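Here is the structure we will look at.
The values are calculated or read from the model by the stated rules, or taken from the named source; none is laboratory data. These numbers come from a predicted model, not from an experiment. Here the Cβ positions follow ideal geometry from the backbone for every residue, glycine too, while neighbour counts run over all protein chains shown.
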Amino acid sequence: MLRFSFYLFIFFLGFSQSSALANKAISTGWLSDTALKGYDSVAYFTQNKAIKGSKQFTYTYKGATWRFSSQENLNAFTANPTHYAPQYGGYCSYAVSINKLAPSDPTVFELHGGKLYLNYNKDVHKQWQQQKAQSIMHADQNWPSLLTDK
């Protein structure tokens with residue numbers, strides 16, 4: 001099952017380079033402007049959980065709408081959005097490491113070195129974890145050009 005899911009992900013990458021994903025600094029999906037599919041990016045750091053945000057607590061950052069589960073989390077984010085925003089605009093960290101853009105599942109995350117990383121699904125996340133340091137190094141190198149090359 002792991003191999004099938006991973007190959008399905010690789011197949012999907014062939015289609016993910018469309019203009020719907022290209023040049024968007026924050027991954028919001030095809031028909032939405034909401035970052036992290038509405039999950040609270042501060043909660044990953046404070047509760048180590050993926051927690052849905054509320055329409056009551058929103059903030060616009062880098063052209064996307066961010067939702068939070070509390071006023072306190074909204075305040076934390078507005079004070080330091082670069083700290084709480086996921087790496088690579090919330091796109092799949094593994095995909096960025098191989099110089100591609102793919103959406104991520106906000107429930108498949110990891111905090112590493114004080115930063116939030118997301119992946120497409122649990123199988124892809126396992127693949128990313130096997131070479132985490134190398135994947136992060138490659139993704140850090142690839143990320144700037146992924147937004148400008150499309």
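Structure notes:
- Residue within region 131-150 that is closer than 24 Å to Val42 by Cβ and in a loop (DSSP other than H, G, I, E, B) present: no
- Some residue of region 59-71 being hydrophobic (A, V, I, L, M, F, W, C) and either closer than 15 Å to Lys115 by Cβ or out of contact with any Ser or Thr (no Cβ under 8 Å at 6 or more places or on another chain) (or both): no
- In the condition set (1) exposed (fewer than 14 other Cβ atoms within 10 Å of the Cβ); (2) in a helix (DSSP H, G or I); (3) modelled with pLDDT under 95, Trp30 is compliant with all but (2).
For (1) surrounded by fewer than 18 Cβ atoms within 10 Å (Cβ to Cβ); (2) within 11 Å of the chain's Cα centre (by Cα), each residue gets a yes or a no:
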| site | (1), (2) |
| --- | --- |
| Tyr91 | no, yes |
| Tyr94 | no, yes |
| Leu118 | no, yes |
| Ile136 | no, no |
| Asp140 | yes, no |
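- Some residue of region 72-79 being touching a residue at least 40 places away in the same chain (Cβ under 8 Å) and under 19 Å from Ala25 (Cα atoms): no
- Among the residues of region 120-131, those identified as surrounded by fewer than 16 Cβ atoms within 10 Å (Cβ to Cβ) and over 15 Å from the mean Cα position of the chain (by Cα) are Lys126, Gln129, Gln130, Gln131.
- Every listed requirement among (1) touching a Lys or Arg at 6+ places or on another chain (Cβ under 9 Å); (2) surrounded by fewer than 19 Cβ atoms within 10 Å (Cβ to Cβ); (3) at pLDDT 95 or above; (4) not in a helix (DSSP H, G or I) is met by Thr60 save one, (1).
- Residue in region 128-142 that is closer than 17 Å to Lys24 by Cα and in contact (Cβ under 8 Å) with a residue 24 or more places away in the chain present: yes
- Among the residues listed as Phe109, Phe68, the single one being in contact (Cβ under 8 Å) with a residue 60 or more places away in the chain and within 20 Å of Thr34 (Cβ to Cβ): Phe109
- Check on Phe45, surrounded by 14 or more Cβ atoms within 10 Å (Cβ to Cβ), farther than 13 Å from Leu116 by Cβ, in contact (Cβ under 8 Å) with a residue 12 or more places away in the chain and of a type in the set (Phe, Trp, Tyr): no
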